[in-house]
Amino acid sequence: MAVMKPKPLPASIEQTVELLAGADYIADRSLATVLFLSLKMGRPLFLEGEAGVGKTEIAKVLASSLGRKLIRLQCYEGLDVASAVYEWNYAAQMIEIRMEEASGETDRRQMEKNVFSEKYLIRRPILEALEGKKGAAPVLLIDELDRTDEAFEAFLLEILSDFQVTVPELGTIHAEEAPIVIITTNRTREIHDALKRRCLYHWVDYPDAARELEIVHRKVPQANQRLSAEIVSFVQKLRQIDLFKAPGVAETIDWAGALNELDKVALDPETVSDTIGVLLKYQDDIARISQGEGARLLNEVKAELSAAE
Amino acid sequence: MKRYQSNPVVAKKDGRLADNIVYFARTLRKAGMRVGPAAVKDAIEAVLAAGIGTRDDFYWTLHAVLVNRREDHATFDEAFRLFWKSRELVEKMLQMFSPMAPDMRQKEKPRAAESRVGDALFEGQKKNQPPREVPELDVDARFTYSGNEVLRSKDFAQMTAAELAEARQAIAQLRLPADEVVTRRFRPDQHGRRADPRAMMRAALRTGGDLIVPQFRSPRIKHPPLVVLADISGSMSEYTRIFLHFLHALTEQRRHVHTFVFSTRLTNLTRQMRHRDPDEALAECAEAVADWSGGTRIGETLHEFNRRWSRRVLGQGAVVLLITDGLERDDIVTLEAEMERLHKSCRRLIWLNPLLRFEGFEAKARGVRAMLPHVDEFRAVHSLDALAGLCQALSGGRQGEYDPQRMLAQFRSAA
């Protein structure tokens, strides 16, 4: 990734909307407000929502449009301090001990200082995020926090409130400028209130039809007007019926891309049932849409669109 | 007092706005949202940071700070609408104070959380009303099952001290099947199988590097979350009290227990169960559930669980404990499909069935046959008169003893 010049933070909600739109992220006013406040107040932003509504994308867009470094911490079950914050380079440390011995070093304190020096510290994402320079703090994305366990969550409390990490052998490392923290969760379990309290919370919802259409235009500009309108209208209708997993915006964009690759200019029942796997990822849902319900929705979409013309 | 003037700008320029935000936060708190004093301070700061522009911006600014659960959105929305729109508020108040005045406005559809926020704003108005009588119902509905939705309330006899002691003892002896998962975290263990380089380093420095003695660690083991789905329909009414006590005692001892009960609809009782006192917890449960001893719609309610809750509570290798007699009234096809989905979403599905001891049970058991292929373990409770019996049914047992396939084979040979 090319090194970009860090830009200052937006000064108003309007500027935040523009900043995101400049990087092809069409945010609604509520999201822009929360994001602006989080930047202004230096608070982490806690985004919750269904999969594929653009939570992770926010962090990426923010990093690229502000010219900041993006540091991503993907959470998983059993994530521990050694892989999230720091680790010592044990092999090098052992050599150091042997060398000291050979050179006749006997002062224990000096030896400890040499062995546990920054030279042997392996920095993991969180420690790395605390090393931003003034005016160029990185964006720290803590992705899918719900996948880790409570123990890690509790550990994050110190980092998110004071932006500092304590390494027992070295001391406390404090950030010169706090990183911009974005936390996302898919809600596979509830995150503790103590952590949420330190953040600004926002539920990222599916976009409305007009905004989704604009997103498709921006992301898949090759798809023609008619096709995009049909796609968005169809997906919006899918979200209203009782599916196990409703398609997200990411799926809409994928579908538009797929249909565009197939040189389609309008939706027809056959194409829908051939490509439905791009939108729906559960067999029950696919079976239901393939058996008639998809055709019914498509008819509705066509009728509405021609009525609007 | 200097420290109370943390924000002199607010105090001077727009004192009333800050006051109003404080009152607004108080309203939210009364309506059941968790808004602490720190959040109020943040809210004022946020409004200062964002500036007061349009009503919408103001709405989302406060929303960003004061709401931190999605469930609270409706409450916030309603409170905001009422609080920050003075004319409507006045109208509403007038209406509240003069019950004789006929309501000429068109009746709107009640919004979510409207009554809760209304209660919070007009607290005291309702105090004069006589408390609602809760009729005590005692219907013995064993062996009957229906799909009709009957909404009933329920009163539980309080727990005696002896019962409580017995319950605690029984739970202490409880050993759930499949109740341990190996995590990817480690603990120091001299008999462990993995080297612990960090401990080695520390130990080596203690001796000045003369000796580098190997240190070991082994994976930590913890209890996975437990999700309980309990049937409270008419045919199970006799046992309800016992297993609610069981669930309360279990919640008290373990960290992750999610409790759901169902008869014609699904109710999440996890929060109610967290009350320390068993009587209070049960009283709250009794209030939260609308369909005590109602009909049985296992398939429907499992569908609801799968769709709304399974992805939220079945993470981290959860074990599901399903307590039901399997007497399904509705469509067996739905039941089978939903059981399959549930089975595939959890680590282990244990079915606890209290009705098995009765003769002639098999004949009615269409639902049982549909459910059996999709459970990992099938356990029968022979005596549900006491908690001990329930714990006993769940603890121990030889390998293969509770294999649902055995039960299925018995059904086939009987038929």
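The calculated FRET efficiency for the pair B:Trp309 and A:Ser103, based on their C-beta separation and a Förster distance of 51 Å, comes to about 0.20. Helices in chain A, meaning DSSP H runs of at least 4 residues, each add -39500 (n - 2.57). Divided by all residues, the mean residue ellipticity at 222 nm is -14500 deg cm²/dmol.
Listed from fewest to most Cβ neighbours within 10 Å, the set B:His275, A:His192 follows the order A:His192, B:His275. As a proxy for reagent exposure, ranking A:His202, B:His258 by other Cβ atoms within 10 Å from fewest up yields B:His258, A:His202. Per residue, the convex hull around the alpha carbon atoms of the range A:1-135 comes to 165 Å³. Once the chain from A:Glu177 to A:Glu18 is taken as fully extended at 0.36 nm per residue, the excess over their C-alpha distance is 54.8 nm. Note on the range B:153-312: dipole from Cβ charges, positive end direction compared against B:Cys285, B:Leu302, B:Val181; the farthest Cα belongs to B:Val181. Each principal axis of the Cα atoms in the range A:3-73 has its own extent, and those three values, largest first, are 33, 27, 24 angstrom. Based on C-alpha pairs under 8 angstrom that are at least 6 apart in sequence, the range A:195-309 has a relative contact order of 27 percent. Using a simple spin-label model with pseudo-atoms 7 Å out from Cα toward Cβ, B:Phe216 and B:Ala283 lie 5.5 nm apart.
Going by neighbour counts of Cβ atoms within 10 Å, the residues A:Lys5, A:Lys55, B:Lys30, B:Lys85 line up, fewest first, as A:Lys5, B:Lys85, B:Lys30, A:Lys55. Rounded to the nearest 0.05, the FRET efficiency derived from the C-beta distance between B:Arg412 and A:Ser290 at R0 = 41 Å is 0.75. Taking 0.36 nm per residue of separation and subtracting the Cα-Cα distance, full extension of the segment from B:Arg274 to B:Arg184 would add 29.5 nm.
Roughly what would the spin-label model give for B:His223 and A:Glu309, points 7 Å off Cα along C-beta, in nm? Distance between the two pseudo-spin positions: 6.4 nm. Taking a threshold of 22 Å on the Cα-Cα distance, which of the pairs A:Lys134/B:Lys41; A:Lys5/A:Lys196; A:Lys5/A:Lys134; A:Lys55/B:Lys85 fall above it? The answer is A:Lys134/B:Lys41; A:Lys5/A:Lys196; A:Lys55/B:Lys85. Between A:Gln240 and B:His73, the modelled labels are 1.8 nm apart [label points 7 Å from Cα along Cα→Cβ]. The mean sequence separation of alpha-carbon pairs under 8 Å and at least six residues apart, normalised by the residue count of the range A:1-67, gives a relative contact order of 43 percent.
Taking a point 7 Å out from the Cα of A:Glu300 in the direction of its Cβ, the residues of the range A:222-249 whose backbone N falls within less than 20 Å of it are A:227-249. Distant-in-sequence amide contacts of A:Leu73, defined by a placed amide H-H separation under 5 Å and a gap of 5 or more residues or a different chain, comprise A:Leu141, A:Ile142, A:Asp143.
No lab work stands behind these numbers, since they all come straight from the coordinates. In this text, all values refer to a predicted model and were calculated from it rather than measured experimentally. Quick reminder, even Gly has a Cβ in these numbers, built from the backbone with ideal geometry, and neighbours come from all protein chains shown.
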